[in-house]
Every structure is written in structure tokens, then in C-alpha cells.
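Accompanying notes for the structure given below.
The values are calculated or read from the model by the stated rules, or taken from the named source; none is laboratory data. Every value quoted in this text rests on a predicted model; they were computed, and no experiment measured them. All Cβ positions, even for glycine, are placed from backbone atoms using ideal geometry, and neighbour counts span all protein chains on display.
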């Protein structure tokens, strides 16, 4: 019997260098990325912090780090060294750090906010990842975390990924349980409803939604689906426990 193993750091690094270069070009972001980024920025604006120190965990090409830098002192860190080099060239005024976030020295109890966009599902030890997040945050610091919704992923058609791509999808309930060890959850929702298998086949049916749209504005239907947990992306705002 073959035993599955997690890819090495070098294997993950090669994957994310290639993936970021092809899928997260800052000049050509897809609608999903833009919607997720806008939602994160909206949440940051709700925080009563002047010029926060922000760490963008797993920043990729740094496109969101650049937006965060308009709201405070932003730093980006990512395993994919090639895209970090490009990010530094594009935005030399921002500090970008290449390296494994578990091994790279980072200041303890320093940041007001950590943003973790679509990273935790690709980490073998998710509890340790959240411990690392809590470690770099100040007392009562904030975390904004987004991740693909396992409920939706299980009911959608996604192409198989190479073995270098770690996939540990989370449900909203599992993510909350992981967070509650070190954080208080202040806000949780989903965004971007999709999926077309199982119950989502009915929920996202074009015919059903067109019929309902006669009575309820489409925008309100989408918001209800997001509130109900049927969005592709889970997004949570949490605060470090004292």
C-alpha cells in the first residue's frame, strides 16, 4: 500500500511560483480575486486602528498587500520567492519577505492585523499555522482569514491538482473550531455562491433563481446564499484572545 506524504517545501515552492505567475497576475485578476480582495479591504476599514501594522501571510504576487499598504504599514511574506522578487520590483516601497512563514524570523506581538487570504487550506498543520499567526499579533490583534468552502468544493467540479498542491479544505464550522483556541470570532460569512451538485444544484438553479427573482432582487438572493454559508469562499474576522 502506498503512503501519501506532504510535498516538501521545495516542491511547494516550485508549484506556487508557477501558479502565482500564471493565475495571480496583478494586472489581470479574475472577478473572484477582486471580490475577495474588496471584502477584505472593507473589513479592514471597520477596524478602529490608525495606521495599523499589517502582515499579509502568503501574499503571493503582493496585489492585496499593495491595497493594504494604503491603509497602514503592510508587509507581505510568501514561500514563492520568484513572485516576491517581482512584487519588490513592482512595489519597492513595500517590504516583501521570501520564505517559509514557520521558519522565517518575524517579530513577536508586533502586528495589529494579519491577513491570511486562501492560505490555511494549503498548510498541513492548520492549528500550528494559527498559533504562528497569534504569535506575531499584538494582544487583541486581528486576523482576517479566507479559505475555500469545503461544503461548496465537495459539490463542484474542480480539476485534479498535482501532488505539490496541498488541499485540506475546511467547512465554516471546522474553521471556527480551529480559530476558537486562540481567537474570538467577530464576523463570519461566505461570498460568491456557486456549486451545482447535491443541494446546490437546486439552490443555484438558473430556473429557480429566475423565478425567485420576480419576487426578490437578485442581489438579495445572493446575499442570503452567502449568509446561509453557500458561498465559495469563507471569510472570518477574529481577534486574538488576551
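Determine, yes or no, whether residue 103 is in contact with a helix residue (DSSP H, G or I) (Cβ under 9 Å, 6 or more places away or on another chain), without any contact (Cβ under 8 Å) to a residue 12 or more places away in the chain and either surrounded by fewer than 22 Cβ atoms within 10 Å (Cβ to Cβ) or closer than 16 Å to residue 79 by Cβ (or both).
Values: in contact with a helix residue (DSSP H, G or I) (Cβ under 9 Å, 6 or more places away or on another chain): yes; without any contact (Cβ under 8 Å) to a residue 12 or more places away in the chain: yes; either surrounded by fewer than 22 Cβ atoms within 10 Å (Cβ to Cβ) or closer than 16 Å to residue 79 by Cβ (or both): yes.
Taking the combined requirement at face value, the residue satisfies it.
Consider residue 13 carefully, then state whether it is surrounded by fewer than 21 Cβ atoms within 10 Å (Cβ to Cβ), under 26 Å from residue 128 (Cβ atoms) and in contact with a helix residue (DSSP H, G or I) (Cβ under 9 Å, 6 or more places away or on another chain). Spell out how you get there, then give the answer.
Numbers: surrounded by fewer than 21 Cβ atoms within 10 Å (Cβ to Cβ): yes; under 26 Å from residue 128 (Cβ atoms): yes; in contact with a helix residue (DSSP H, G or I) (Cβ under 9 Å, 6 or more places away or on another chain): yes.
Yes: the conditions hold for residue 13.
Quick one: which residue in 222, 164 is buried (at least 16 other Cβ atoms within 10 Å of the Cβ), within 17 Å of residue 121 (Cβ to Cβ) and modelled with pLDDT under 95? Before the answer, list the steps.
Values: 222 fails: within 17 Å of residue 121 (Cβ to Cβ).
None of the others qualify; the one that does is 164.
Is it the case that the range 43-55 has a residue that's surrounded by 14 or more Cβ atoms within 10 Å (Cβ to Cβ), under 22 Å from residue 86 (Cα atoms) and in contact (Cβ under 8 Å) with a residue 40 or more places away in the chain?
Initial filter on the range 43-55 (surrounded by 14 or more Cβ atoms within 10 Å (Cβ to Cβ)): 43-44, 47, 49, 52-55.
Next, from what is left, pick out any that are under 22 Å from residue 86 (Cα atoms): 54-55.
Still in the list and also in contact (Cβ under 8 Å) with a residue 40 or more places away in the chain: 54-55.
Scanning the range 43-55 turns up at least one residue that is surrounded by 14 or more Cβ atoms within 10 Å (Cβ to Cβ), under 22 Å from residue 86 (Cα atoms) and in contact (Cβ under 8 Å) with a residue 40 or more places away in the chain.
Being assigned to a loop (DSSP other than H, G, I, E, B), over 23 Å from residue 36 (Cα atoms), at pLDDT 95 or above and out of contact with any helix residue (DSSP H, G or I) (no Cβ under 7 Å at 6 or more places or on another chain), is that true of even one residue in the range 133-147?
From the range 133-147, those assigned to a loop (DSSP other than H, G, I, E, B) are none; that's our starting set.
No; the residues of the range 133-147 include none that is assigned to a loop (DSSP other than H, G, I, E, B), over 23 Å from residue 36 (Cα atoms), at pLDDT 95 or above and out of contact with any helix residue (DSSP H, G or I) (no Cβ under 7 Å at 6 or more places or on another chain).
Of all the residues that make up the range 106-120, how many are crowded, with 20+ Cβ neighbours inside 10 Å and closer than 20 Å to residue 175 by Cα?
Residues in the range 106-120 being crowded, with 20+ Cβ neighbours inside 10 Å and closer than 20 Å to residue 175 by Cα: 7 in total.
Taking the range 45-56, which residues are out of contact with any helix residue (DSSP H, G or I) (no Cβ under 7 Å at 6 or more places or on another chain) and closer than 16 Å to residue 76 by Cβ?
52, 53
Considering only residues that are in a loop (DSSP other than H, G, I, E, B) and surrounded by 15 or more Cβ atoms within 10 Å (Cβ to Cβ), which ones fall in the range 197-207? It would help to see each step written out before you state the result.
Looking only at the range 197-207, we keep the residues that are in a loop (DSSP other than H, G, I, E, B), and these are 197-198, 204-205.
Result: 204, single match.
Looking at the range 17-27, is at least one residue touching a helix residue (DSSP H, G or I) at 6+ places or on another chain (Cβ under 8 Å), part of a helix (DSSP H, G or I), under 24 Å from residue 231 (Cβ atoms) and in contact (Cβ under 8 Å) with a residue 40 or more places away in the chain? Full working, then the answer.
Residues of the range 17-27 touching a helix residue (DSSP H, G or I) at 6+ places or on another chain (Cβ under 8 Å): 17, 20-21, 24, 26.
Filter once more, so that each one left must be part of a helix (DSSP H, G or I): 17, 20-21.
Restricting the remaining residues to those that are under 24 Å from residue 231 (Cβ atoms) gives 20.
Retained after the next criterion (residues that are in contact (Cβ under 8 Å) with a residue 40 or more places away in the chain): 20.
So far as the range 17-27 goes, yes, one or more of its residues are touching a helix residue (DSSP H, G or I) at 6+ places or on another chain (Cβ under 8 Å), part of a helix (DSSP H, G or I), under 24 Å from residue 231 (Cβ atoms) and in contact (Cβ under 8 Å) with a residue 40 or more places away in the chain.
I want to confirm something. Restricting to the range 67-91 and keeping residues that are surrounded by fewer than 19 Cβ atoms within 10 Å (Cβ to Cβ) and in contact with a strand residue (DSSP E or B) (Cβ under 8 Å, 6 or more places away or on another chain), which single residue is nearest to residue 120 (Cα to Cα)?
If we take residues in the range 67-91 being surrounded by fewer than 19 Cβ atoms within 10 Å (Cβ to Cβ) and in contact with a strand residue (DSSP E or B) (Cβ under 8 Å, 6 or more places away or on another chain), then 81 is nearest to residue 120 (Cα to Cα).
I'm checking my understanding of the structure. Among residues of the range 168-186 that are out of contact with any helix residue (DSSP H, G or I) (no Cβ under 7 Å at 6 or more places or on another chain) and in contact (Cβ under 8 Å) with a residue 60 or more places away in the chain, which one is surrounded by the most Cβ atoms within 10 Å (Cβ to Cβ)?
175
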